[in-house]
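Colleague: Sharing a structure here in structure tokens format.
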Amino acid sequence: MENGGLMHTLAFFLLSGITLAAAMGVVFKRNLVHSAFLLSVTFLGVAGLYMTLQAEFMAAVQALVYSGAVAVLVVIGVMLTHRQQMSRSNPPNKMLLVGALAALSVVGAIVWAILATPWKVGKGSVVTAGDIGRRFLTDFAPPFEAVALLLLAALIGAVVLFKGGKAQS
Amino acid sequence: MQESASLWVGLGRAIKQAVLAATGAPWVAELVHTLAGVVGILSIILLSALVLVYLERKVCAWMQMRLGPNRLGPYGIFQTIADIIKLMTKEDIQPAQVSPVMWGLAPVLLFMAAMTTYAVIPFDAGVIFADLNIGIFFFVAVGSQATLPMLMAGWASNNKYAMVGGMRTVAQMISYEIPLVFSLLGVVMITGSMKMSDIVKAQEGLWFIVTQPIAFVVYLIASVAETNRTPFDLVEAESELVAGPFTEYSGMRWAYFFLAEYAFMVGASCIAATLFLGGWNGPFLPGWIWFFIKVAAMIFLFMWFRWTFPRIRVDQLMSFGWKVLLPLSIVNVVVTGIGLWLFFPLV
């Protein structure tokens, strides 16, 4: 297909636009629930970008784990912010200068990391789920196990918190 | 088998060649070919919903020793058409104080998620919209997006019953997604691929329901819960929540929810037929007819569950999902792994 390049570029800009617009919405929306739902749009946009990079597995994980978890975020947001009016649940504050400084330093760090990384053009081979799994169980086994342990601890912690613990006797 | 498969593939190719001859532009032909696939999927969903609404009522009536719809046309087969006309002409009521954009978007988004899952369902040899490398995982990932529109509908309706229904959706669908994924993992481990065509090809000799019976049962139960059908229809439990997230919807908006629900049920049946019942493999008949028979059998099973099991309680739902289904599916993965290691040692 000779139009492959054009379509690819079009898809990239469309998905980037959606992702960025939704991300702006997450920050500027006054309603916490609207912000959370827009966050899901952002995640799906990023999943689409992964798709254009032929990282299908990453795209599916992004949709399943991140966008799927937004539902939980909404529930927590609604349950924990006891407000009569959800439209005022994401209030602005007077920390404009500090916020801008923090945001700029994060942007600076990311830009520096991008510029400092020597980007290599890959051989165009598609990384499959099998490749990722193999690397997880060979080269990256220790960090993988460490993350698993961390998640297990979080899981047990959540159960303990939920149970509330019996009064110490 | 190859020549029988060529009926639908051949149709697609014929359309492509006709457009190519008419316009002379390959990208137009490519576009029309893709759109033909989309139209095909859409017509499968709409037609199956049309038939299934009627069938559900007939099966229900049969199990309860009634006649079911029998007034409109022979055996009442035009009942669904009358229902559709009713739904389309019904007044669209938007309650006061709803969040209009989210309230309106929720049914559409749910249907979109349902329809997108059909992209990876292999109806016959070569008849699959996108034979992705991650095939079955794509189905799970897109299917999981159904949680959010349900919660959205529940929250935006500004109704306490709808909100409780939305909350229940989150608890139920996220809990049952995990055993669902783990049950599919056994099949993926044996096949060594998540590609749908590879999974079907691996079952030419033996269906995976024989080697993975526990996974099949876990998948069946979890997918009934994922599609919110009785005995797991706590989300819309009529006796306590009016209709859950759908309470404030009427007319075609409500019909969209219904359509999405049936689309998810057919999709879950298609995946069961593909992963456990051999997909389009079968003797004598063309592949798509075999696939149709298997999917129909699965749908009947879903209906059978619906009309013979009572609805379970929320706490039973949660403890069953986390304490029975999840350990069972993990044990299945471990046993499958040990079996593969013993009998088919990897290089």
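The values are calculated or read from the model by the stated rules, or taken from the named source; none is laboratory data. None of the values given here were measured: they were computed from a predicted structure. So basically every Cβ, Gly included, is an ideal-geometry build from the backbone, and we count neighbours across all protein chains shown.
Colleague: Could you tell me whether any residue of the stretch B:193-207 is surrounded by fewer than 20 Cβ atoms within 10 Å (Cβ to Cβ), more than 25 Å from B:Val127 (Cα to Cα) and among the hydroxyl-bearing types (Ser, Thr, Tyr)?
Modeller: no
Colleague: Let me ask something else about it. Looking at A:Gly68, A:Gly77, A:Gly25, which one is within 14 Å of chain B (Cβ to nearest Cβ), closer than 22 Å to B:Gln145 by Cα and modelled with pLDDT under 75?
Modeller: A:Gly77
Colleague: Can I ask one more? Can you tell me which residue in the stretch A:30-53 is nearest to A:Phe13 (Cα to Cα), limited to those that are away from every other protein chain (no Cβ under 12 Å) and not in a helix (DSSP H, G or I)?
Modeller: So the residue we want is A:Leu53.
Colleague: Going through the stretch B:2-61 one residue at a time, which ones are at pLDDT 80 or above and of a type in the set (Lys, Arg)?
Modeller: Matches in the stretch B:2-61: B:Arg57, B:Lys58.
Colleague: Residue under question is B:Arg13, and the condition is that it be in a loop (DSSP other than H, G, I, E, B) and either out of contact with any strand residue (DSSP E or B) (no Cβ under 6 Å at 6 or more places or on another chain) or surrounded by fewer than 17 Cβ atoms within 10 Å (Cβ to Cβ) (or both); does it hold?
Modeller: The answer is no for B:Arg13.
Colleague: Could you please find all residues in the stretch B:229-257 being modelled with pLDDT under 85, surrounded by fewer than 22 Cβ atoms within 10 Å (Cβ to Cβ) and among the aromatic types (Phe, Trp, Tyr)?
Modeller: The answer is none; no residue qualifies.
Colleague: So in the stretch A:54-65, with the set limited to residues that are buried (at least 21 other Cβ atoms within 10 Å of the Cβ) and hydrophobic (A, V, I, L, M, F, W, C), which one is farthest from the other protein chains (Cβ to nearest Cβ)?
Modeller: Selected residue: A:Ala59.
Colleague: Taking the stated definitions as given, is B:Val9 away from chain A (no Cβ under 14 Å), β-branched (Val, Ile, Thr) and either within 24 Å of B:Ala296 (Cβ to Cβ) or under 24 Å from the mean Cα position of the chain (by Cα) (or both)?
Modeller: Yes, satisfied.
Colleague: I've got another one for you. With the requirement that a residue be free of Cβ contacts under 8 Å to residues at least 12 places away in the same chain and within 20 Å of B:Ser250 (Cα to Cα), what does the stretch B:123-160 give you? Reasoning before the result, please.
Modeller: Just the residues of the stretch B:123-160 that are free of Cβ contacts under 8 Å to residues at least 12 places away in the same chain, to begin with: B:130, B:141, B:160.
Scanning the stretch B:123-160 gives a single hit, B:Lys160.
Colleague: Among the residues of the stretch A:94-103, is any at pLDDT below 90 and not aliphatic (A, V, I, L, M)?
Modeller: yes
Colleague: I've got another one for you. Filter the stretch B:71-106 down to residues that are surrounded by 17 or more Cβ atoms within 10 Å (Cβ to Cβ) and in contact with a Leu (Cβ under 7 Å, 6 or more places away or on another chain) and give me whichever is nearest to B:Met150 (Cα to Cα).
Modeller: Result: B:Thr80.
Colleague: Do any residues in the stretch B:85-105 that are part of a helix (DSSP H, G or I) have Cβ atoms under 9 Å from those of residues that are surrounded by 10 or more Cβ atoms within 10 Å (Cβ to Cβ) and polar (S, T, N, Q), where the two are at least six apart or on different chains, and which pairs are they?
Modeller: B:Leu87/B:Ser250; B:Pro100/B:Gln94; B:Trp103/B:Gln94; B:Trp103/B:Ser157; B:Trp103/B:Asn158; B:Gly104/B:Gln94
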